[in-house]
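Following: one structure in structure tokens, then a few remarks.
The values are calculated or read from the model by the stated rules, or taken from the named source; none is laboratory data. Model, not experiment: these values are computed from the prediction. Cβ placement follows ideal geometry from the backbone for every residue including glycine, while neighbour counts extend to all protein chains displayed. The accessibility values were calculated without ligands, DNA or RNA, using every heavy atom of the protein model including side chains. Shrake-Rupley method; radii C 1.70, N 1.55, O 1.52, S 1.80 Å.
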Protein chains: 2
Amino acid sequence: METSHTGDELARILATLANPHRMRVIAALAHGRNYVSALARELGISRPLLQLHLAKLEAAGLVTAAFELSADGKAMKYYDTVPFAVTLTPQSIALAARTLTTEEGNN
Amino acid sequence: METSHTGDELARILATLANPHRMRVIAALAHGRNYVSALARELGISRPLLQLHLAKLEAAGLVTAAFELSADGKAMKYYDTVPFAVTLTPQSIALAARTLTTEEGNN
DNA sequence: TTCACCTGCAAGAAAAAACTAGCATGTGCC
DNA sequence: GGCACATGCTAGTTTTTTCTTGCAGGTGAA
């Protein structure tokens, strides 16, 4: 299920996952999709903060968002996890590092 | 080769790997061990900066350091990669998230 | 209309990470 | 001694990330 990532993509994925709040978001969504207000209550964090983290997770391609109308006509934004599988080894890091574009330093 | 990590350990590993310089350090060391001054020249970064990154890599358990005397009696600090293999999936993240200690928010 | 729920956004404060510059130590060699 | 190489550390700046606060919009139901 995993296309190999560029160095920049991998760096972004790792940076995104390396955050307690975002790990908990992934954990919560792994149990099933949810909309942001309910998720904020479940995790005990403010909604703007959760939206920030969800935006980063979505930017990294780790979750997806979908609008849906609830039974009573409210617009709900549902988030769900994207199935991903990334294996980290010194070799996989070395391979990804070849495609890093981050400024000057090529090795 | 991988003992399962706590949430905090995993977060630290990911945060450590999510940096272009440190990815390049891993890549360089994957080819073979090296000492810090030579490594700094190879990567084209300042030695203090490299030392900072090496310290973080070592703190995360991704590289090891060993002192050695060169032929002409100079003390050299050699670094090498530690073989690691971490697989990231929504499920593995969810599992690790259970052991996060980062303050208040338990889900 | 008012209340309770959903969404979005942005400005500013606070905290953490990255990076630079500089000085210290020691060695062997010319 | 002076030069070239190795190491270590720290103080201060810059940059990035995180988080709060507060406001905007919308819906349906009492």
For q = 0.21 Å⁻¹, what log10 I(q)/I(0) does chain A give under the Debye formula with an equal point scatterer on each alpha carbon and no solvent?
-1.09
Return the inverse of the average 1/r over all pairs of distinct C-alpha atoms in the range A:1-40, which is the Kirkwood hydrodynamic radius, in Å to one decimal.
11.7
Looking only at lysines whose Cα falls under 18 Å of B:Lys56's and that sit 8 or more positions away or on another chain, we get B:Lys77
For B:Ala75 paired with B:Glu2, estimate the spin-label separation in nm (one decimal), with each label point 7 Å from Cα along the Cα-to-Cβ line.
3.7
Taking Cα atoms, how many degrees apart are the long axis of helix A:20-30 and the longest axis of chain A, rounded to 10 and kept between 0 and 90?
60
Under the Karplus relation with 6.51, -1.76 and 1.60 and θ = phi - 60°, whole-Hz ³J(HN,Hα) for the range B:48-60, x at Gly and Pro, equal x, 5, 4, 4, 4, 5, 5, 4, 5, 5, 5, 4, 7
If I build a Gaussian network model for chain A, linking alpha-carbon pairs within less than 10 angstrom, which residue out of A:Ala71, A:Ala96, A:Ala85 has the largest mean-square fluctuation?
A:Ala71
Rounded to a whole number, what % of the accessible area of the range B:7-97 do carbon and sulfur atoms account for, probe 1.4 Å?
55
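Restricting attention to the range A:27-107, which GluC sites (Glu not before Pro) occupy a DSSP loop and are surrounded by at most 12 other Cβ atoms within 10 Å?
Working: sites: A:Glu42, A:Glu58, A:Glu68, A:Glu103, A:Glu104; in loops: A:Glu103, A:Glu104.
Passing both the DSSP loop test and the Cβ count: A:Glu103, A:Glu104.
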Of A:His53, A:His31, A:His21, the one that fluctuates the most in a GNM where chain A has Cα springs shorter than 10 Å:
A:His31
Roll a 1.4 Å probe over the protein chains and send me the accessible area per residue for the range B:7-97 in Å².
45
